[in-house]
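Each remark here refers to the structure printed beneath this line.
The values are calculated or read from the model by the stated rules, or taken from the named source; none is laboratory data. Source: prediction; values computed, not measured. Here the Cβ positions follow ideal geometry from the backbone for every residue, glycine too, while neighbour counts run over all protein chains shown.
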Amino acid sequence: MGANEAVPNKKDLPNDFTVVALGDSLTRGTGDESGKGYVGLVLEDLESEYKHKPIIHNLGINGQVSEELVQQVKQTEVRRQIKAADVILLTIGGNDLFQKGQTLIDYDSQVIAESQQKYMENLNGIFKNINQVNDKATIFLLGLYNPFIELDDDLDTNRIVRDWNNDTAEVVAHYKNAIFVPTFDLFQLSVNDYLYTDNFHPNKKGYRLIADRVAPLIKWEDEER
């Protein structure tokens, strides 16, 4: 086969198929020594699947909380990139709940309840602002995993994270172009195998788990267009 011949049976994307990634340090890939994170790994998967390479804009910000993302999606340049997106990837909420990496073991139920309510309000604001610019793009919002599960004998943190995810999924369900992508189960049985040395962010193997869940959804979504 000549160098310029098409690969047989290899599907194609539009020349301008665009993915915009927004959110916190998981979007940036913190904890992956290669720097790819789940976004980079998803991009590699798509590049191997299709002849045309997707365009990707990673706008993630380390430490970002939902209130900050509400403001980011209002920025002129960010809105321009959202407008051109076919797919939007979101990781947000971990810093709202975990207070930027602090353990939940000594938690205050009232503080968590207030944080949860505020987060859900912000999440609605994020989706509404995105849809004002582009209501055709599919939004994939990743749920939270529990990095503290092996520190918590009573499994209270599991309950807290599950409640948070359940409320998040309910918000997502109100938007026809949004899909909630769970990650809790990916880390549940052997969380320490998939965490970076900070015991909070995923390591390369953890990001691989996430990418393996997200990439097929994007491929499916493309085939449905």
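Overview of results
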{"quantity": "Residue check, E150 farther than 25 Å from T76 by Cα and among the acidic types (D, E)", "calculated": "yes"}
{"quantity": "The lone exception for D135 - which of (1) modelled with pLDDT of 95 or more; (2) surrounded by 22 or more Cβ atoms within 10 Å (Cβ to Cβ); (3) part of a loop (DSSP other than H, G, I, E, B); (4) not aromatic (F, W, Y) it fails", "calculated": "(2)"}
{"quantity": "Residues located in the range 144-157, provided they are crowded, with 16+ Cβ neighbours inside 10 Å and out of contact with any Gly (no Cβ under 6 Å at 6 or more places or on another chain)", "calculated": "Y145, N146, P147, F148, I149, D152, T157"}
{"quantity": "Lone qualifier among T197, T183 - being crowded, with 17+ Cβ neighbours inside 10 Å and among the β-branched types (V, I, T)", "calculated": "T183"}
{"quantity": "Top-ranked residue of the range 55-71 - restricted to ones that are crowded, with 21+ Cβ neighbours inside 10 Å and either of a type in the set (G, A, S) or over 16 Å from the mean Cα position of the chain (by Cα) (or both), ranked as nearest to I126 (Cα to Cα)", "calculated": "S66"}
{"quantity": "F127 vs. criteria under 30 Å from Y50 (Cα atoms), not hydroxyl-bearing (S, T, Y) and not in a helix (DSSP H, G or I)", "calculated": "no"}
{"quantity": "Looking only at the range 23-54, and only at residues there that are surrounded by fewer than 18 Cβ atoms within 10 Å (Cβ to Cβ) and among the acidic types (D, E), the one that is nearest to N203 (Cα to Cα)", "calculated": "E33"}
{"quantity": "Subset of the range 176-206 that is more than 22 Å from R162 (Cβ to Cβ) and not polar (S, T, N, Q) - its residue that is farthest from the chain's Cα centre (by Cα)", "calculated": "D198"}
{"quantity": "Unique match (being touching a Pro at 6+ places or on another chain (Cβ under 9 Å) and not in a loop (DSSP other than H, G, I, E, B)) among F187, F200", "calculated": "F187"}
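For (1) touching a Phe, Trp or Tyr at 6+ places or on another chain (Cβ under 7 Å); (2) farther than 22 Å from A178 by Cα, each residue gets a yes or a no:
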site	(1), (2)
R79	no, no
D96	yes, no
S109	no, yes
Q117	no, no
